[in-house]
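Report on the structure given below.
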Amino acid sequence: MTPSAPPRPRRHVLSFDVEEYFHVEAAASCVRRAEWEGFDARVVPAVRQVLGLLADHDATATFFVLGWVARRQPDLVREIARAGHEIASHGMSHQMIHRLSPAAFGRELADSKKLLEDLAGAPVTGFRAPTFSVTHGTAWAIDELAGAGYEYDSSVFPVRHDRYGVPGAPRWAHWAVGPGGGRVLEIPPLTVRVGGANLPIGGGGYLRLLPVRVLAWGLRAAWRARHAGVIYIHPWEFDPSQPHLPMGRVTKWRHRVNLHRTASKVRWLLEHHRFCDFRRGMPAFRTSATEQFAYGAAG
């Protein structure tokens, strides 16, 4: 007997990585960590703009909050939680995982979880690594996540990229297994399959660069395959007036291209598709996660 197809998810999933514009990996070579305190904070009005858009369209989202931001803007975390959205962890220091030891990464997981749970008054069960830096080379992070009590992760992009990516990883929700046997539910951002390769379209940079209907096409394709599409955006992508950083020409272009169009494109998506947070979408993800994938086995 052929098994019945899994039910369609009720909504796609929208997420925001809550960090300042100067935290981005693209600025790491030109902005030292010791200089962060000298920059004006701009994340609060950007997040409030996002909260207004979500409220206007009866949508919820997951906010992966950086611990550095949460310590300096605790009321912002409380405001997000009071609005009915899920709070999840983006680590503490916005360092790519390969720059941390397992012990240091474990401390970031524990510290950010406690900090965010104290502020939000709710369990923190999800994590997203800075710059999607869970790869075959940092597969030990999966064991650390499982040991720290996280239920799901959204740190693997199943694509080829100059900074991150696991091209052979499943495109949809699956059980990620670390080299030590730890297991978490891995939920990758949205990709499309073209010419035998996975192309990333589920992020803010792709949303800014491509016509919004390309992302809508990817969401419809995921829906037809009975999967929820996961989108991630940064609040700084709603802030076209942010100061210019001393990046190289190409890097600056990638960071700033079409910042003035982010809000209108997100509004269009909210008008044409239904979105929720990871927490509300979890039953569908658990139902569809029939595959296990061993990280660290190659690469």
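The values are calculated or read from the model by the stated rules, or taken from the named source; none is laboratory data. Owing to the predicted nature of the structure, the values given are computational and were not obtained by experimental measurement. Note that we place each Cβ from the backbone using ideal geometry, even for glycine, and neighbour counts take in every protein chain shown.
Listed conditions (1) farther than 29 Å from GLY168 by Cα; (2) in contact with a Lys or Arg (Cβ under 8 Å, 6 or more places away or on another chain); (3) part of a helix (DSSP H, G or I) are all met by TRP223, apart from (1).
For the condition in contact (Cβ under 8 Å) with a residue 12 or more places away in the chain, over 23 Å from ARG286 (Cα atoms) and surrounded by fewer than 21 Cβ atoms within 10 Å (Cβ to Cβ), LEU245 qualifies.
Of all residues in the stretch 274-295, one or more are under 19 Å from PRO189 (Cα atoms), of a type in the set (Phe, Trp, Tyr) and in a helix (DSSP H, G or I).
Under the condition of being part of a loop (DSSP other than H, G, I, E, B) and more than 14 Å from the chain's Cα centre (by Cα), the residues counted in the stretch 174-210 number 8. I'm told GLY204 meets every condition in (1) under 27 Å from VAL43 (Cβ atoms); (2) small (Gly, Ala, Ser); (3) crowded, with 24+ Cβ neighbours inside 10 Å except one. Can you identify the failing condition by its number? With (1) under 27 Å from VAL43 (Cβ atoms); (2) small (Gly, Ala, Ser); (3) crowded, with 24+ Cβ neighbours inside 10 Å applied to GLY204, the lone miss is (3).
Filter the stretch 1-33 down to the residues that are of a type in the set (Val, Ile, Thr) and out of contact with any Leu (no Cβ under 8 Å at 6 or more places or on another chain), then identify the one that is modelled with the highest pLDDT. For the stretch 1-33, the residue satisfying everything is VAL13.
Note on the stretch 46-70: residues that are without any contact (Cβ under 8 Å) to a residue 40 or more places away in the chain and under 21 Å from PRO240 (Cβ atoms) total 3. Going through (1) more than 21 Å from the chain's Cα centre (by Cα); (2) not in a helix (DSSP H, G or I) one by one, TYR232 falls short only on (1). With respect to the stated conditions, VAL212 fails to be closer than 25 Å to ALA26 by Cβ, among the hydrophobic types (A, V, I, L, M, F, W, C) and free of Cβ contacts under 8 Å to residues at least 24 places away in the same chain.
Here is a yes/no grid of residues against (1) surrounded by fewer than 21 Cβ atoms within 10 Å (Cβ to Cβ); (2) farther than 21 Å from VAL13 by Cβ:
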site: LEU119; (1), (2): no, yes
site: VAL124; (1), (2): no, no
site: GLY137; (1), (2): yes, yes
site: GLY147; (1), (2): yes, yes
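Residue pairs whose Cβ atoms lie under 6 Å apart, sitting 6 or more positions apart in sequence or on different chains, and linking a residue in the stretch 134-146 that is at pLDDT 95 or above to a partner that is charged (D, E, K, R) and surrounded by fewer than 20 Cβ atoms within 10 Å (Cβ to Cβ), are ALA146/ARG183. Scan the stretch 127-148 for residues that are part of a loop (DSSP other than H, G, I, E, B) and in contact with a Pro (Cβ under 9 Å, 6 or more places away or on another chain) and the total you get is 1.
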